[in-house]
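Undergrad: Below are the structure tokens for one structure; questions will follow.
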Amino acid sequence: MRAAIRDELRPMLALAVPVVLGEIGWTAMGLVDTLMVGPLGPAAIGAVGLGSVVAVSIALFGMGVLLGLDTLVSQAFGAGRLDRCRYWLFQGSALACVAAVPLTLASIGAAATLPAWGLDPEVLAMAGPYVRTVTVSVFPLLLYTAFRRYLQAMNIVRPITLALVSANVVNVAVNWMLIYGRLGFPALGTTGAAWATVASRIYMAAMLLAAIVLNDRSRRAGLARVPRRLEWPAVRTLLALGVPSGLQILLEVGVFAAASALAGRLAPSALAAHQIALNVWSFVFMVPLGLNAAGAVRVGQAVGRRDPAGARRAGWAALALGAAFTTACAIAFVAGGRLLVAAFSSDASVLSTGASLLAVAGLCLIFDGTQGISTGILRGLGETRVPMLTNLAGHWLVGLPLGYTACFVLGWGVRGLWVGLATGLVITGCVLLAAWHRRSAGLHPAP
């Protein structure tokens, strides 16, 4: 089995590396926003971080619903059914258009509730306009997601990497112009960072649409002949796979959004430390998240070609790569956390608190990577409900209540919140690894 897993590492890396680079490009936008508003002070850092988490939490539900395309397109591709791949592209894109309306309204509603969150007044004054502005990008973000799932499920990953890397250039340029008022543009502060995010997401969707059209023309694959109607049986299939995935992502990201809201009740320096450490953690998590996507595709393609041994190899190879990476990062978090935080702020309180938060993250990092990758490889099998229920129990029934108690009852402050989050991740990682072991062991060759 070990030799078989080693054989799988090369094709897994060939798919995973561009996807990981794309994920890093995605997260780099948040890091760049945080860095570029840094000179405005801790409250600006906290407002952008909190506003970004709130806005993305809602959009990520719609993005999660579209993760059903991973299963359907990759299995169709593994079976050699390119016509079905194109069919699912259109159905997924149509679903993205429909879902954008309620999710945009939900984002607007979330922005309206911010005054009731008990936030620091300075943070609240900047977070509200940020969330309302980013809401404009929900529609292009969902289209980008549908296009991306289609391309990577067919092993077409370079355009995704190119789109995300170049989108960072767009983000930096628009941030530079609008945060501080360059080239005659008004100085919008944190709201300028929000408009940069909107511009970047529109750009990403347009880039991937162009990649799909160009790929179809080069292959003469007949994309133009795909039926132009939304078929409700197909939508129900997508929703049956995607809604649990969307809820799982919403539960996972939502618990961090809730933790950020709770941190917003603390001093601005504590919130800033929380957001900086969370940004660094999220940046590192992009590697397990890329392996999540690559693992889902490799497992799904193996299922499509009726190769259960190949599906098992793909899943364990993704987990092995993730474990090696997160172990190395955990050492860096514990040993060099202060240096990492210093890239964002020179405030003594932020430095001290942020370093301690990264130490907590380091202790649970391998479990975080395991749960993230296990979610993807289970999705390749078509299993999306177990990750949803596990996230509900681990994060919301254990992690967040424990974090709240440690922070506000025991008086541990923001560090207590992170102890709770880490505990939820340990539980979730262990349960999902066991679920993968059980489900993959039950795969049998087709007769």
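The values are calculated or read from the model by the stated rules, or taken from the named source; none is laboratory data. Keep in mind that this is a model prediction, so the values were computed, not measured. Don't worry about glycine lacking a Cβ; one is built from the backbone with ideal geometry, like all the others, and counts go over all protein chains shown. The area values use the complete protein model at the heavy-atom level, side chains included, leaving out ligands, DNA and RNA. Shrake-Rupley method; radii C 1.70, N 1.55, O 1.52, S 1.80 Å.
Undergrad: Show me 386-397, 129-140 ranked by packing, highest mean number of other Cβ atoms within 10 Å first.
TA: Working: 386-397: 20.8, 129-140: 22.7.
Answer by packing, highest mean first, reads 129-140, 386-397.
Undergrad: Then there's this: Counting Lys +1, Arg +1, Asp -1, Glu -1, what net charge surrounds GLY394 among other residues with beta carbon under 13 Å of its beta carbon? If you can, show how the numbers build up before the last one.
TA: Values: positive: none; negative: GLU252, ASP368.
With Lys, Arg at +1 and Asp, Glu at -1, the net is -2.
Undergrad: Just add up the charged neighbours of VAL165: K/R +1, D/E -1, any other residue whose Cβ is under 15 Å from the Cβ of VAL165.
TA: Values: positive: ARG148, ARG158, ARG201; negative: GLU23.
Here the charged neighbours net out to +2.
Undergrad: Any idea what the relative contact order of the chain is, in percent, if you count C-alpha pairs under 8 Å spaced at least 6 apart? The partial results should precede the final answer.
TA: Details: 758 pairs, mean separation 99.8, N = 447.
Taking the mean separation of contacting Cα pairs over the length of the chain, I get 22 percent.
Undergrad: Here is a follow-up. For the chain, set up a Gaussian network in which alpha carbons nearer than 10 Å are linked by springs, and say which option among VAL299, VAL280, VAL213 fluctuates the most.
TA: Largest GNM mean-square fluctuation: VAL213.
Undergrad: Next up: Need one word for segment 1-160: rounded, prolate or oblate. Basis is the Cα gyration tensor (sqrt eigenvalues a ≥ b ≥ c); a/c below 1.5 gives rounded, then a/b vs b/c decides. Spell out each step's value before the answer.
TA: Numbers: a/c = 3.14, a/b = 1.71, b/c = 1.84.
Because a/c hits 1.5 or more and a/b fails to exceed b/c, segment 1-160 counts as oblate.
Undergrad: From the phi of every residue in segment 408-414, what ³J(HN,Hα) in whole Hz does the Karplus formula 6.51 cos²θ - 1.76 cosθ + 1.60 yield, where θ is phi - 60° and glycine or proline is x?
TA: 9, 8, 7, x, 7, x, 5
Undergrad: List the equivalent ellipsoid semi-axes of segment 108-160 in whole Å, largest first, each obtained as the square root of 5λ for an eigenvalue λ of the Cα gyration tensor.
TA: Numbers: eigenvalues 247, 21, 15 Å².
Over the Cα atoms of segment 108-160, the ellipsoid semi-axes are 35, 10, 9 Å.
Undergrad: Now a separate question. Hey, in the GNM for the chain with a 10 angstrom Cα cutoff, which one of ALA111, ALA348, ALA267 fluctuates hardest?
TA: With Cα springs under 10 Å in the chain, the top fluctuation among ALA111, ALA348, ALA267 is at ALA348.
Undergrad: Quick one: Karplus J couplings for segment 360-368, per residue in order, coefficients 6.51, -1.76, 1.60, θ = phi - 60°, nearest Hz, x for Gly and Pro?
TA: 4, 4, x, 5, 10, 5, 5, 6, 5
Undergrad: Could you please state how large a percent of the accessible area of the chain is carbon and sulfur, counting protein chains only and using a 1.4 Å probe? Each step should come with its number before you reach the end.
TA: Values: 11760 of 17130 Å².
The C+S portion of the solvent-accessible surface of the chain is 69 percent.
Undergrad: Here is a further query. Counting helices only, and only those DSSP H runs with n ≥ 4, report the 222 nm mean residue ellipticity of the chain as the sum of -39,500 (n - 2.57) divided by its residues, in deg cm²/dmol to the nearest 500. Can you show the working numbers first?
TA: Numbers: 15 runs with 362 residues, N = 447.
The helix contribution divided over the chain gives -28500 deg cm²/dmol.
Undergrad: Another one. Projected onto the charge dipole of the chain (+1 at Lys/Arg Cβ, -1 at Asp/Glu Cβ, origin at the Cα centre), which of VAL303, PRO186, MET126 gives the Cα projection farthest towards the positive end?
TA: VAL303
Undergrad: About its Cα centre, how strong a charge dipole does segment 46-167 have in debye, to the nearest 20, once Lys and Arg get +1 and Asp and Glu get -1 at the Cβ? Spell out each step's value before the answer.
TA: Values: 7 positive and 4 negative charges, 107 e Å.
So the magnitude is around 520 debye.
Undergrad: Where the only charges are on Cβ atoms (+1 Lys, Arg; -1 Asp, Glu), what is the dipole of the chain about its Cα centre, to the nearest 20 debye? Please report the intermediate quantities before stating the final value.
TA: Details: 31 positive and 15 negative charges, 326 e Å.
About 1560 debye.
Undergrad: Using the Kirkwood radius over C-alpha pairs as Rh, can you work out the diffusion coefficient of the chain via Stokes-Einstein at 25 °C, viscosity 0.890 mPa s, in µm² per second?
TA: Working: Rh = 22.0 Å.
Translational diffusion coefficient: 112 µm²/s.
Undergrad: Still on this structure, please answer the following. Would you work out which of ILE331, ALA441, ALA258 lies farthest towards the positive end of the dipole of the chain? Charges go on Cβ: Lys and Arg +1, Asp and Glu -1.
TA: ALA441
Undergrad: Write down Rg/Rh for segment 212-368, rounded to two decimals, with Rg from the C-alpha atoms and Rh from the Kirkwood relation over Cα pairs. Can you show the working numbers first?
TA: Details: Rg = 21.1 Å, Rh = 19.0 Å.
On the Cα set of segment 212-368, Rg over Rh gives 1.11.
Undergrad: Let me make sure I get this right: for segment 276-376, a, b and c are the square roots of the gyration tensor eigenvalues over alpha carbons, sorted descending. Under 1.5 in a/c it's rounded, otherwise prolate if a/b > b/c, else oblate. Which is it? Could you put the intermediate results ahead of the total?
TA: Numbers: a/c = 4.34, a/b = 3.13, b/c = 1.39.
Verdict is prolate for segment 276-376.
Undergrad: Quick one: net charge of ASN175's neighbours, Cβ under 11 Å, K/R +1, D/E -1? Working shown, then result.
TA: On the way: positive: ARG182; negative: ASP33.
After counting each charged neighbour, the total is 0.
Undergrad: Tell me the per residue accessible area of the chain using a 1.4 Å probe; a whole number in Å² is fine.
TA: Values: 17130 Å² over 447 residues.
So the chain comes to 38 Å² accessible per residue, rounded to a whole number.
Undergrad: Which of rounded, prolate, oblate describes segment 342-447, given a ≥ b ≥ c as roots of the alpha-carbon gyration tensor eigenvalues and a/c under 1.5 marking rounded, otherwise prolate only if a/b is larger than b/c? Walk me through the intermediate numbers first.
TA: Working: a/c = 3.89, a/b = 2.18, b/c = 1.78.
Prolate, since a/c reaches 1.5 and a/b exceeds b/c.
Undergrad: Now for a separate question. Which of LEU410, LEU238, LEU271 ends up with the largest GNM mean-square fluctuation for the chain, with Cα atoms connected below 10 Å?
TA: Highest fluctuation among the options: LEU410.
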